[in-house]
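Participant: Below are the structure tokens for one structure; questions will follow.
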Amino acid sequence: MTAPRSFSQRPYVGPAGSTELFLVRHGASADSVEGEAFELVEGQGDPPLSEVGRHLRRTAETAAPLVERTGLQPVVEADLREVFLGEWEGGLLRQMAADQDPLFLRVMREQRWELVPGAEPRTDFGGRLRRGVERIAAEHAGGRVLVFSHGAAIGEILAQATGSEPFAFVGADNTSISRLVVAEGRWVLRGYNDTAHLAG
């Protein structure tokens, strides 16, 4: 008599040729000061890291220690830049949030950046992020890629991966790591907001 087969639980392994993306939110940026706007680069606020965030300028400065240590050559993927906030660029979003401005509250309630005058519509924002992720995955099939990006951008990528509400993942901690597996057009969320590397 043949013994019954047994089936052990196995750790997750992505499909053959899948790409694992480690999405790292930049370190804490400089404070927004009332009456002073951040420097704008191509129309978007570009604050440097704060003293708190420095040891850990935003994505490039956050990636710099790893680049120096490993010799890896960073590549800028413009499609993974932060949401364009129109009239709220330059640090004004933080002030609106602190003041509990009615429009800010509406943006959060309705989960729509485009309520801000001149801001990027979700269809445009989400579309360019999808293009960027798919391009990275295609260029690094079967590999692992570190992606240094921004809070709303990472939030939108993960919302698309899970089919969640638009702002479900907005608010990842600075320097946190989220993991995404991309294969054959399917995105699988494997981890969110991991900050264990900051302990001790």
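Participant: Amide H neighbours of G143 under 5 Å, counting only residues 5+ apart in sequence or on other chains, H built in-plane at 1.01 Å?
Facilitator: Correct list: E20.
Participant: Place +1 on the Cβ of every Lys and Arg and -1 on the Cβ of every Asp and Glu in region 126-200, take the dipole about the Cα centre, and give the residue among L146, G163, N174 whose Cα lies farthest towards its positive end.
Facilitator: Towards the positive end, the residue furthest out is L146.
Participant: Please list, in order along region 160-169, the HN-Hα scalar couplings obtained from phi with the Karplus expression 6.51 cos²θ - 1.76 cosθ + 1.60 (θ = phi - 60°), rounded to whole Hz, x for Gly and Pro.
Facilitator: Couplings: 5, 5, 9, x, 7, 4, x, 9, 4, 10 Hz.
Participant: May I pose another question? Please compute the net charge surrounding S178, taking Lys and Arg as +1 and Asp and Glu as -1 over other residues with Cβ under 14 Å from its Cβ. Provide the component values of the computation, followed by the final result.
Facilitator: Details: positive: R25, R144, R179, R190; negative: E20, E156, D173, D194.
Within the 14 Å Cβ shell, the charges total 0.
Participant: Per-residue counts of other Cβ atoms within 10 Å, averaged by peptide: what ranking do you get for 104-115, 145-156, highest first? Present the calculation step by step, with values, prior to reporting the outcome.
Facilitator: Details: 104-115: 15.7, 145-156: 22.4.
Per-residue mean Cβ counts within 10 Å order the peptides as 145-156, 104-115.
Participant: Where the accessible area of region 97-185 is counted over protein heavy atoms with a 1.4 Å probe, how much of it, in %, is carbon and sulfur?
Facilitator: Details: 2050 of 4120 Å².
On region 97-185, the fraction of accessible area on carbon and sulfur atoms equals 50 percent.
Participant: Over region 145-200, give the accessible area per residue in Å² for a 1.4 Å probe, as an integer. Intermediate values should be presented prior to the final figure.
Facilitator: Working: 2430 Å² over 56 residues.
On a per-residue basis, region 145-200 sits at 43 Å².
The values are calculated or read from the model by the stated rules, or taken from the named source; none is laboratory data. On a predicted model such as this, the values are computed, not experimentally measured, just so you know. Virtual Cβ from ideal backbone geometry, glycine too; neighbours counted across all protein chains shown. With ligands, DNA and RNA removed, areas are computed over all heavy atoms of the protein, side chains included. Shrake-Rupley method; radii C 1.70, N 1.55, O 1.52, S 1.80 Å.
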